[in-house]
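> Sharing a structure, written as structure tokens. Questions coming.
The values are calculated or read from the model by the stated rules, or taken from the named source; none is laboratory data. Not measured: the values here are computed from a predicted model. Cβ placement follows ideal geometry from the backbone for every residue including glycine, while neighbour counts extend to all protein chains displayed.
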């Protein structure tokens, strides 16, 4: 308490902290606790403050609605992606069947054309 009183009288925090062998932060924390709760603030143990806990506010109707809208948009996006992937799979299945068919009939598979790249 004496250190806090000295700072309140105008002494610098750093010289008082050095004299006591503590950091400036600790002295600032003491001053903050003293200003907030008086002597009881200095006797507090570390950890959560006593008393009722502050709860997070419940989601409002608008918050839930916007979350639902975002979820529906994401579902639609994923459904489009699955549709595209299904189209790709169908295409490659048909292409694979087309490549296998001539070989099964004894005909050679069509050769690929020469690349136009140099």
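Here is a yes/no grid of residues against (1) over 29 Å from the mean Cα position of the chain (by Cα); (2) modelled with pLDDT under 85:
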| position | (1), (2) |
| --- | --- |
| 60 | no, yes |
| 66 | no, no |
| 80 | no, no |
| 93 | yes, no |
| 107 | yes, yes |
| 117 | yes, yes |
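> Find the residue count for segment 13-31, including only residues that are under 41 Å from the mean Cα position of the chain (by Cα) and loosely packed, with under 15 Cβ neighbours inside 10 Å.
Number satisfying all stated conditions: 10.
> Right, something else. For residue 76, are the conditions met, namely being in a helix (DSSP H, G or I), surrounded by 10 or more Cβ atoms within 10 Å (Cβ to Cβ) and modelled with pLDDT of 95 or more?
On the way: in a helix (DSSP H, G or I): yes; surrounded by 10 or more Cβ atoms within 10 Å (Cβ to Cβ): yes; modelled with pLDDT of 95 or more: yes.
When the stated conditions are applied, residue 76 passes them.
> Does segment 18-31 hold any residues that are assigned to a helix (DSSP H, G or I), without any contact (Cβ under 8 Å) to a residue 12 or more places away in the chain and either touching a helix residue (DSSP H, G or I) at 6+ places or on another chain (Cβ under 8 Å) or on the phi > 0 side of the Ramachandran plot (or both), and which are they?
24, 26
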